[in-house]
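*Asks:* Starting off with a structure, shown below.
The values are calculated or read from the model by the stated rules, or taken from the named source; none is laboratory data. Everything quoted here is computed from the prediction, not taken from an experiment. Positions of Cβ are generated from backbone atoms using ideal geometry, with glycine treated the same way; all protein chains shown enter the neighbour counts.
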Amino acid sequence: MLGLSVLRRAPVLAALLAVIALLLAWGPFLSSMDVVVRHFDCPNYLVVAKTLYVPTAVNPMPGYAQTPVYFAAHTPLYPLVLRACSLVAGWKGGLFLATGLLAVASAWAFALYAKEATPEIPVVLATLAFLFLPARMYLYRALGASEALMSLLVILAVLAWRRGRVDWALFAAALATVTRMNGILVVAVLCLALLFSGRVKTAFLGGALAAVPLLVLCSWHRFLFGDFFALRLGREVADSPGRLCLPFAFIGEMAARNDWETAEMLLALHLFFILCAARLWMKGDRLEAGLIAAHVALFSLLRERDLARYYLTVTPFAVVVAWRDVWSRPRVATAVLVVLAPLSVFYAWKTIPMNLCSEPAYRALLSLLAS
């Protein structure tokens, strides 16, 4: 009875902690929340939420978007959540409502997952580690970004897999493909897991059905822009030659340019996730290990500096689950959180006022939202 009571209280406690963490991140800006609205990529997602990619007569983001296809890179599920919340609270209020709901929902889902995957970790410590670490995830969970929604869907997919609900796992993964592009990896890993378990028909049929949301999106882009693969053209960087390279070659390129800091950071990032995948595999968490390994395999091919953000999809498994032997020791875990959680809060406070759209672009955005 006591165990059942704790299990029922865990998601509620996680939701409460998520609200507290969010308010901490917003604390210095509560009197000027436009700072949060202006932080990229929120303006781009708001444009998609308003227009659903349909080109407008006036450029909604002057100085940033050269053509309407620019917005194709911002996949639609998070903008659709913003659009739904705007019906209740308006565009700005809807943004904050969506941010709060997704922060709470992702923490709630992780508490349920942690109770099954890592029962040796006290739920409070597991949830706090999920909410505050790494600092980059803590930041984006407080902004108009898709990371919290992506985290929710991936956790639900893995939780459904653990419970034997392959249909729900593939459904969550299908939604993840139109939340962030690496959702494709989640579908692929689930299908491989099905193949290795001998469920060949389910793997192929489930994979085909899971691809439907992304195919619908690409078809919509084909109708609007005349390009089925407009998604790849959404950012100027995606058009640069040599986007892909040999595994880990980009690290060598950075070193050859005397950019040692970037080279060392990328090397450390890859090594950390490789180590986490190995730890998860040895502990029997094969699906989580496969998800991390798939991300390492793809990201090792990219000429991309900001892999720290790309990896956020699988950081809950890497930071919490792979290191359960640390988090299961309350004194050690508390000491770690006492040091690192305030650093994450400080990081958010210093970073939120940066990377803002310009005043003219913000006025154009507000004009579009008011139309």
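*Asks:* (1) surrounded by 13 or more Cβ atoms within 10 Å (Cβ to Cβ); (2) closer than 30 Å to Leu194 by Cβ: which one isn't true of Arg303, the others all being true?
*Replies:* All conditions pass for Arg303, except number (2).
*Asks:* Something else: State which residue pairs qualify: first residue at pLDDT 95 or above and inside segment 92-103, second residue not in a helix (DSSP H, G or I) in any location, beta carbons under 8 Å apart, and separation of 6 or more residues or different chains.
*Replies:* Pairs found: Lys92/Met33; Leu95/Gly144; Phe96/Met33; Ala98/Gly144; Thr99/Ala142; Thr99/Leu143; Thr99/Gly144; Ala103/Ala142.
*Asks:* Pick from segment 56-89 the residues that are part of a loop (DSSP other than H, G, I, E, B) and within 24 Å of the chain's Cα centre (by Cα): which of them is surrounded by the most Cβ atoms within 10 Å (Cβ to Cβ)? Outline the logic, then answer.
*Replies:* Just the residues of segment 56-89 that are part of a loop (DSSP other than H, G, I, E, B), to begin with: 56-67, 74-76.
Checking which are within 24 Å of the chain's Cα centre (by Cα) leaves us with 61, 64-65, 74-76.
Details: Met61: 22, Tyr64: 16, Ala65: 18, His74: 22, Thr75: 24, Pro76: 22.
Checking each candidate, the answer is Thr75.
*Asks:* Are any of the residues in segment 338-347 free of Cβ contacts under 8 Å to residues at least 12 places away in the same chain, in contact with a helix residue (DSSP H, G or I) (Cβ under 9 Å, 6 or more places away or on another chain) and aliphatic (A, V, I, L, M)?
*Replies:* No: zero hits.
*Asks:* Looking only at segment 13-32, filter to residues that are of a type outside the set (A, V, I, L, M) and closer than 25 Å to Thr127 by Cβ; which one of those is surrounded by the fewest Cβ atoms within 10 Å (Cβ to Cβ)?
*Replies:* Within segment 13-32, the first condition is being of a type outside the set (A, V, I, L, M), and the residues that meet it are 26-29, 31-32.
In the following step, the residues that additionally are closer than 25 Å to Thr127 by Cβ were identified as 26-29.
Values: Trp26: 20, Gly27: 11, Pro28: 14, Phe29: 17.
If we take residues in segment 13-32 being of a type outside the set (A, V, I, L, M) and closer than 25 Å to Thr127 by Cβ, then Gly27 is surrounded by the fewest Cβ atoms within 10 Å (Cβ to Cβ).
*Asks:* Any residue that is touching a residue at least 40 places away in the same chain (Cβ under 8 Å), surrounded by fewer than 18 Cβ atoms within 10 Å (Cβ to Cβ) and either farther than 15 Å from Leu369 by Cβ or of a type in the set (S, T, N, Q) (or both) - is there at least one of those in segment 44-55?
*Replies:* For segment 44-55, residues touching a residue at least 40 places away in the same chain (Cβ under 8 Å), surrounded by fewer than 18 Cβ atoms within 10 Å (Cβ to Cβ) and either farther than 15 Å from Leu369 by Cβ or of a type in the set (S, T, N, Q) (or both): present.
*Asks:* Residues to consider are Leu4, Leu52, Leu82; find the one that is farther than 24 Å from Ala348 by Cα and modelled with pLDDT of 95 or more.
*Replies:* None of the others qualify; the one that does is Leu52.
*Asks:* Of all residues being assigned to a helix (DSSP H, G or I) and of a type in the set (Phe, Trp, Tyr) in segment 213-240, which is modelled with the lowest pLDDT? Just the residue, please.
*Replies:* Quick first cut of segment 213-240, residues assigned to a helix (DSSP H, G or I) only: 213-225, 230-233, 236-239.
When the remaining residues are screened for being of a type in the set (Phe, Trp, Tyr), the result is 220, 223, 225.
Details: Trp220: 97, Phe223: 96, Phe225: 93.
That would be Phe225.
*Asks:* Do any residues in segment 280-301 that are within 16 Å of Pro316 (Cα to Cα) have Cβ atoms under 6 Å from those of residues that are among the acidic types (Asp, Glu) and not in a helix (DSSP H, G or I), where the two are at least six apart or on different chains, and which pairs are they?
*Replies:* As it stands, the answer is none, since no pair meets every condition given.
Yes/no per residue for (1) closer than 30 Å to His39 by Cα; (2) in a loop (DSSP other than H, G, I, E, B):
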position	(1), (2)
Ala278	no, no
Gly284	no, yes
Leu291	yes, no
Leu312	yes, no
Val326	no, no
Val338	yes, no
Trp349	yes, no
Leu365	yes, no
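*Asks:* Moving to a separate point now. What residue, among those in segment 38-55 that are in a loop (DSSP other than H, G, I, E, B) and not charged (D, E, K, R), is farthest from Gly183 (Cα to Cα)? Walk me through how you get there before you give the answer.
*Replies:* Filtering segment 38-55 down to residues in a loop (DSSP other than H, G, I, E, B) leaves 40-41, 52-55.
Filter once more, so that each one left must be not charged (D, E, K, R): 40, 52-55.
Working: Phe40: 21, Leu52: 20, Tyr53: 20, Val54: 24, Pro55: 26 Å.
Going through the qualifying residues, I end up with Pro55.
*Asks:* Output yes when any residue across segment 241-256 is over 25 Å from Ala114 (Cα atoms), outside any loop (DSSP other than H, G, I, E, B) and modelled with pLDDT of 95 or more, and no when none is. Explain how you work it out, then say what you get.
*Replies:* Keep residues of segment 241-256 that are over 25 Å from Ala114 (Cα atoms), which gives 241-256.
Imposing the further condition that a residue be outside any loop (DSSP other than H, G, I, E, B) reduces the set to 244, 249-256.
Narrowing the set further to residues that are modelled with pLDDT of 95 or more leaves none.
So far as segment 241-256 goes, no, none of its residues is over 25 Å from Ala114 (Cα atoms), outside any loop (DSSP other than H, G, I, E, B) and modelled with pLDDT of 95 or more.
*Asks:* Is it true that Val35 is touching a strand residue (DSSP E or B) at 6+ places or on another chain (Cβ under 9 Å), surrounded by 13 or more Cβ atoms within 10 Å (Cβ to Cβ) and not in a loop (DSSP other than H, G, I, E, B)? If you could, list the steps in order and put the result at the bottom.
*Replies:* Numbers: touching a strand residue (DSSP E or B) at 6+ places or on another chain (Cβ under 9 Å): yes; surrounded by 13 or more Cβ atoms within 10 Å (Cβ to Cβ): yes; not in a loop (DSSP other than H, G, I, E, B): yes.
For Val35, the condition - touching a strand residue (DSSP E or B) at 6+ places or on another chain (Cβ under 9 Å), surrounded by 13 or more Cβ atoms within 10 Å (Cβ to Cβ) and not in a loop (DSSP other than H, G, I, E, B) - is met.
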